[in-house]
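Everything below concerns the one structure shown next.
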Amino acid sequence: HMTTAVNAGDMVSITDAFAATDDGKRAARNSSLLNYYGASYGTFIGQTFASMFPDRVGKTLLDGTSSLGYLDYFGSDAPIHMDQVLAFWFIYCNLQGPDGCSFYTGSTAKDIFDRFNESYSQLDPKKAQDLRWSNATDVEFILANVKSCLLTLSHFPFQTFPFMGDLLVGLEDAIATENFTTWITEAEAYNEGPPGPE
């Protein structure tokens, strides 16, 4: 059900909801117009919105160009490729050995995956909430950051592969000490993406 056209319709609803608020009514400019900044897929959403609702377009900046590939259904392939990149990272780490990958362990890529899964499986927000852990909210936030790191890895594999090991070692330390402050800073820097071409 979720399509770009549905997203554009939602943006109209959000704009209308804001226009009906006190802030929207006091706005110096026409608050029924959508002011929008879009990057990556957001450029396609912006183009779709402008095509569907040309009389609702306010100040708009589309940062980059979008591909006609968004008109094709590629959803079934994208997760497969992401899984392949992640699987290859464990192979890469194993091939690099302890000198080239700080997360290296055992003798196979599966050993490295098992080490990763040991940390990942501890980040269960539902369990944390059910057991009323004091850091249940932190667990949910950390899990979201880990998932963002994995997404960054799939988008920039060549640039980020070497740094993923250090990030995962840091995650283990953060879990062991229940202190995620430093790790969150490192994860956020990692998720900004590397400079240079993809």
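Below, the figures for the structure above:
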| read-out | value |
| --- | --- |
| DSSP-assigned coil residues among GluC sites (Glu not before Pro) in region 97-185, each with at most 15 further Cβ atoms within 10 Å | Glu178 |
| Inter-site label distance for Asn35 and Ile184 at 7 Å from Cα along Cβ, in nm | 2.9 |
| Where labels lie 7 Å past Cα in the beta-carbon direction, separation of Phe88 and Ser13 in nm | 3.9 |
| Normalised contact order of the chain, rounded percent, pairs of Cα under 8 Å and 6 or more residues apart | 14 |
| Where trypsin sites (Lys or Arg not before Pro) fall in DSSP loop in region 115-198, at most 13 other Cβ within 10 Å | Arg132 |
| Close Lys-Lys pairs in the chain, where close means Cα under 23 Å and separation is 8 or more or interchain | 4 |
| Calculated diffusion of the chain, Stokes-Einstein form, Kirkwood radius summed over Cα pairs, 25 °C and 0.890 mPa s, µm²/s | 123 |
| Accessible-area ranking of Ser134, Ser13, largest first, probe 1.4 Å | Ser134, Ser13 |
| Cα gyration tensor shape for region 103-198, rounded if a/c is under 1.5, else prolate or oblate | oblate |
| Dipole of the chain [Lys/Arg +1, Asp/Glu -1 at C-beta], most positive-end residue of Tyr92, Val146, Tyr36 | Tyr36 |
| Asp124/Lys25 FRET efficiency (R0 25 Å; Cβ-Cβ; nearest 0.05) | 0.05 |
| Cα-centre dipole for region 93-174 with unit charges at Cβ (Lys and Arg positive, Asp and Glu negative), debye to 20 | 240 |
| Cα gyration tensor shape of region 1-47, rounded if a/c is under 1.5, else prolate or oblate by comparing a/b with b/c | oblate |
| Tyr190, Tyr104, reordered so the largest accessible area comes first (probe 1.4 Å) | Tyr104, Tyr190 |
| Kyte-Doolittle mean at least 1.6 and Cα axial length at least 20 Å: DSSP H helices in the chain | none |
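The values are calculated or read from the model by the stated rules, or taken from the named source; none is laboratory data. Just so it is clear, the model here is predicted, and its values are computed rather than measured. When we count neighbours, we look across all protein chains shown, and the Cβ atoms used for this are built from the backbone with ideal geometry, even at glycine. Each accessible area value is taken on the protein alone, full model and side chains, heavy atoms only, with ligands, DNA and RNA left out. Shrake-Rupley method; radii C 1.70, N 1.55, O 1.52, S 1.80 Å.
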